[in-house]
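Worksheet for the structure shown next.
The values are calculated or read from the model by the stated rules, or taken from the named source; none is laboratory data. Owing to the predicted nature of the structure, the values given are computational and were not obtained by experimental measurement. When we count neighbours, we look across all protein chains shown, and the Cβ atoms used for this are built from the backbone with ideal geometry, even at glycine.
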Amino acid sequence: MKASETSKTSKIPFEEAWRFILKVGVAAHKYGSTSTRLESFLTGLSKKMGYLGVFKSTPVEIVFALRETPDSIQRVEVMTTASPNIDLDKLARLGELLNEIDAGTVSISDAYARIDAIDQIPPPWGKFASMLGYVLVGLGLAPLLGAGLTDTLFATFFSMLVYGLVLLSSRMGANAMSWMPLSTALIVGFLATLFKHWVPELNLVLVILSAVAIILPGYSISLGAGELVAQHILSGMSNLMNGLITLFKQIAGALIGIGMAGLLFTIPVAQPEIP
């Protein structure tokens, strides 16, 4: 009999299956798996191991429930988790590992080390490449929104500044990251308004929007809306509200920055430059 056939017919001990499902669930949640996919994925994994599983996932916790038969006692654990950090590379690697387990080429005991190794993989792109991504978003989005050459150049420069602020916030800790949407928009709004004092034709709205566009919470908002449609109310409301709060922070930060600069300088009124 082949190894794959053996793995599919032999039942894994309950404790081993329980520990493995917990480890996989936490890892997939950490890398940004949606609640719909995570719950469906864990249910299928537990079924392949010969058990009945019920799982509920939100951005801040996962509920694990597993039993051997419909009449047996169900084991339940509610695990509090940190907010997920979207990492599609690690999520894909985790999926490949589970496919190997299903095929019988990797054992459960060997998979623990592989999951730990996946968690230690550094980001595929370095700081320069990441900064270049920010710059290219500002450079590419501004003309699409109707910006002229001057607006595009300023948007590109401020996109680079936003990357530096995001990097600085990540090093300062969780509190700095929570306020990062407001602080970046505030600084960009203040500096853009400051430069408008000398460049009257500068379009503040386009420049600020293009500069902070890469950190707009579009994924969180669309994910929340999708989960609400799929009847995942708790997770959907949480993701949707997190996205809207982040968006509110960015809008508030930009308005505060513009207002602060307006108190210090007289902002000239001029027609925007021709796109």
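Here ASN203 clears all of (1) modelled with pLDDT under 90; (2) surrounded by 15 or more Cβ atoms within 10 Å (Cβ to Cβ) except the condition numbered (1). For the range 57-88, enumerate the residues that are surrounded by 12 or more Cβ atoms within 10 Å (Cβ to Cβ) and assigned to a loop (DSSP other than H, G, I, E, B). Result: PRO59, VAL60, GLU68, SER72, GLN74, THR81, SER83, PRO84, ILE86, ASP87.
Please verify whether SER159 is in contact with a Phe, Trp or Tyr (Cβ under 9 Å, 6 or more places away or on another chain) and assigned to a helix (DSSP H, G or I), treating the condition exactly as stated. Yes: the conditions hold for SER159.
Taking each residue of the range 160-187 that is more than 18 Å from LEU139 (Cα to Cα) and free of Cβ contacts under 8 Å to residues at least 40 places away in the same chain and looking for partners that are among the aromatic types (Phe, Trp, Tyr) and surrounded by 14 or more Cβ atoms within 10 Å (Cβ to Cβ) with beta-carbon atoms closer than 9 Å, six or more apart or interchain, yields SER169/TRP179.
Within the range 89-104, not a single residue is part of a loop (DSSP other than H, G, I, E, B), of a type outside the set (Phe, Trp, Tyr), free of Cβ contacts under 8 Å to residues at least 24 places away in the same chain and surrounded by fewer than 16 Cβ atoms within 10 Å (Cβ to Cβ). Residues in the range 55-80 that are of a type in the set (Val, Ile, Thr) and closer than 18 Å to SER40 by Cβ were compared, and the one that is nearest to the chain's Cα centre (by Cα) is THR58. For residues that are among the small types (Gly, Ala, Ser) and over 21 Å from MET260 (Cβ atoms), scanning just the range 160-177, find the one that is surrounded by the fewest Cβ atoms within 10 Å (Cβ to Cβ). Applying the filter and picking the extreme gives GLY173.
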